[in-house]
1. Using each residue's phi in the range 227-236, evaluate 6.51 cos²θ - 1.76 cosθ + 1.60 at θ = phi - 60° and report the 3J(HN,Hα) Karplus result to the nearest Hz, with x for Gly and Pro.
2. Once both axes come from the Cα atoms, what is the angle between helix 286-303 and the longest principal axis of the chain, in degrees from 0 to 90, rounded to 10?
3. Tell me, what is the FRET efficiency for K182 and I144 to the nearest 0.05, using R0 = 51 angstrom and their Cβ-Cβ distance as r?
4. At a 10 Å Cβ-Cβ cut-off, how would you order F279, F299, F142, fewest neighbours first?
5. So for the pair S82, S253, with labels modelled 7 Å out along Cα→Cβ, what separation do we get in nm?
6. What list of ³J(HN,Hα) couplings, whole Hz, do you get for the range 62-74 from phi and the Karplus terms 6.51, -1.76, 1.60, once you set θ to phi - 60° and write x for glycine and proline?
7. How much net charge surrounds E211 when only the other residues with a Cβ under 15 Å from the Cβ of E211 are counted, with Lys and Arg +1 and Asp and Glu -1?
8. For Q283 and I157 in one chain, what is 0.36 nm times their gap in residues minus the Cα-Cα distance, to one decimal in nm?
Amino acid sequence: MQLRFFWIIALLLTAQSLCAQDVVLKAEIDRDSIMIGEQVQWSLKATVDKQLPTAFPSIDSVNNGLIEILSARLDTLQETASNITVQANWTITSFDAGIYPLPRVPFLVRRTNGQVDTLYSEQDLQLKVKTVAIDTTTFEAFDIKAPIKYPVTLEEILFYVGIGLAVLVIIVLIVYLMSKWKRKESIFFKSKPKDPPYVTALRELEKIKAEKLWQNNKVKIYYTRITDVLRVYLEEQYNVQAMEQTSEEILQSLQTLKIPEELMNKLRELLNVADLVKFAKYQPEQNENEGAISIVSDFVYNTRPNEVTSDGRE
């Protein structure tokens, strides 16, 4: 037991003629048996001449810490003209089962002659700390309980429905944007209406004519550009995969379109000349170069779809 002494009663004026009087000490514990972790009050009560200076100890630990001091308090219980009764209270507990003797607490008194006496309570106290006994013979192990299932609330249903709708909207938006991107349409702005295929083809032929390619010895480029315009027109207007077909395959595909024979013969002649220029380094006559654009222009113009005029006629 570790002790620190502190003075709790102020030094009183003493008369040298006073005689020493006995000090009455009494130690108590309100229960001598507790369960592990329970608290009990341990006290030391002293009755002494009020003219004598006295001191109670401050207790830090008991039985090497097996008994813990939770709190301490000092109370004045009674005071007369000659005597005073004071009591020190300690709240103690223990978390180890066993029987632990409580030490006798010292009490200091300074006599009128200046001598300091150390007095001890006469009571021998002990504290019994018990634990809960477990009957292993009747112990029965139980399986872990399954999770408790609660009914689904309306708020939970609405939450998951909202998530599903949000995912659906995102998917639809992605599909819509992808389709516009594949069609090379503006995503954020409304694109202008695309010109009909025959309008685009005739405009491109006019551009080629204005560039005067064959006049500048660019005959191969001239025929390549003209036949490319024809191939694009056939793909966009009649869904003929002309860009991937040979000249003969293109002519075969056009057989189902019921194109006039004269127009088909001119087109066949143009494609043959174009193939010779591109693959056999053939140098066409001037009249062949001049008529190449006209042949394609006539073909496009005569195979264009009928358009409804403002007065309702075709």
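1. Once θ is set to phi - 60°, the couplings for the range 227-236 become 5, 5, 4, 4, 4, 4, 4, 5, 5, 6 Hz.
2. In the chain, helix 286-303 runs at an angle near 60 degrees to the longest axis.
3. 0.35
4. Working: F279 9, F299 23, F142 5.
Fewest-to-most ranking of F279, F299, F142: F142, F279, F299.
5. Spacing of the two 7 Å Cα→Cβ label points: 13.6 nm.
6. Each residue of the range 62-74 in turn: 9, 6, 6, x, 5, 10, 9, 8, 8, 7, 9, 8, 10 Hz.
7. +3
8. 37.6 nm
Every number in this text was worked out from the coordinates using simple rules, so none of it is lab data. Remember, it's a predicted structure, so these values are computed and weren't measured experimentally. Heads up, the Cβs are rebuilt from the backbone with ideal geometry, glycines too, and the neighbour counts pull from every protein chain shown.
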